[in-house]
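> I am attaching a structure below and will ask some questions about it afterwards.
The values are calculated or read from the model by the stated rules, or taken from the named source; none is laboratory data. Bear in mind the structure is a predicted one, so any value in this text is a computation, not a measurement. Ideal geometry is used to build each Cβ from the backbone, glycine not excepted, and the neighbour counts take in all protein chains shown. To get the accessible areas, we keep the full protein, side chains included, count just its heavy atoms, and leave off ligands, DNA and RNA. Shrake-Rupley method; radii C 1.70, N 1.55, O 1.52, S 1.80 Å.
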Amino acid sequence: MVQPFIRNHQYNLIQRQSQLLLHAMQTASDPRVADSVRTGVWSAIMELFPDADPEQKLMLGAVSDCRGEEDIRRYLHTMEDVLEPYPQLTVKQIHDLFPKSKKLKVPDLDAVDWQRTSYLGWTDPAAGRMFLVYPLNGQLAGIEGKYTPANKGVCFLCNRHEEIALFSAIVRKKPAGASPDYYKAIGQYICLDSKACNRNLTQVAALETLIRQILGV
């Protein structure tokens, strides 16, 4: 049995590529066009997992055998079976990540779909604060900042068009010799709905960059 090895953002890209193949199969009048797309989809998926073992490669590469909607559905279902879940958090762990937030409002953890989560994000509208938790290099990292809702736009994290908010946080690490009142703020437009963002993410580089910038690591 293949152990879970696909992360949420990787599954999102597999799903997107699979839909691209399905569209080509349903609309291309020349079978060679669909075959060309199939080859490109196979390559894009395999490139996501350069260290995959033979059994994982066989499972991932099965996309090249898909010839219709039902095949795509079965393929994606197989991929869902090996999704690597986000490390399930406890309320205490979250409070420990934000020790200065004495009235921290924690989301309903029982309602979280951990397999389809790249980062845990939520807002506290009363305080105007947004919180993000992510396992960075195997260690849980949490960042918080002010947020200001905006109209629809492109999210810095998932690069998709969604309802966004300006997230602004103060960098925690000060340069050597900085004055006591020194501060540096970083702001990015990100999805207001973290669940939608998690469904859109196909890479975590932007998310990790934002966290490192704020934490100064």
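> If you scan the range 26-80, which residues turn out to be under 17 Å from TYR11 (Cα atoms) and hydroxyl-bearing (Ser, Thr, Tyr)?
Result: SER43, SER64, TYR75, THR78.
> How many of the residues making up the range 174-185 are modelled with pLDDT of 70 or more and part of a loop (DSSP other than H, G, I, E, B)?
Pass one, the range 174-185, residues modelled with pLDDT of 70 or more: 184-185.
Applying the additional criterion that residues be part of a loop (DSSP other than H, G, I, E, B) yields 184.
Residues meeting the conditions: 1.
> Quick check, is ALA150 touching a strand residue (DSSP E or B) at 6+ places or on another chain (Cβ under 6 Å) and modelled with pLDDT under 95?
Details: touching a strand residue (DSSP E or B) at 6+ places or on another chain (Cβ under 6 Å): yes; modelled with pLDDT under 95: yes.
Here the answer is yes, as ALA150 does meet what is asked.
> Still on this structure: Every residue in the range 82-133 that is free of Cβ contacts under 8 Å to residues at least 60 places away in the same chain, small (Gly, Ala, Ser) and open to solvent by less than 40 Å² (accessible area, probe 1.4 Å), please.
SER101, GLY128 - these are the residues of the range 82-133 that are free of Cβ contacts under 8 Å to residues at least 60 places away in the same chain, small (Gly, Ala, Ser) and open to solvent by less than 40 Å² (accessible area, probe 1.4 Å).
> Could you grab me the full set of residues in the range 186-217 that are open to solvent by 20 Å² or more (accessible area, probe 1.4 Å), touching a Lys or Arg at 6+ places or on another chain (Cβ under 8 Å) and at pLDDT below 95?
LEU215, GLY216, VAL217
> Under 8 Å between Cβ atoms, at least 6 apart or on separate chains: pull out the pairs that start in the range 200-217 with a residue that is touching a residue at least 40 places away in the same chain (Cβ under 8 Å) and over 14 Å from CYS155 (Cα atoms) and end on any residue that is polar (S, T, N, Q) and assigned to a helix (DSSP H, G or I).
Every condition considered, no pair remains.
> Okay, next question. Kindly check whether there is at least one residue in the range 150-172 that is in a loop (DSSP other than H, G, I, E, B), more than 30 Å from LEU60 (Cα to Cα), touching a Lys or Arg at 6+ places or on another chain (Cβ under 9 Å) and open to solvent by 20 Å² or more (accessible area, probe 1.4 Å). Walk me through it before giving the result.
Residues of the range 150-172 in a loop (DSSP other than H, G, I, E, B): 155-160, 171-172.
From what is left, the residues that are more than 30 Å from LEU60 (Cα to Cα) are 171-172.
Narrowing the set further to residues that are touching a Lys or Arg at 6+ places or on another chain (Cβ under 9 Å) leaves 171.
Next, from what is left, pick out any that are open to solvent by 20 Å² or more (accessible area, probe 1.4 Å): 171.
Yes.
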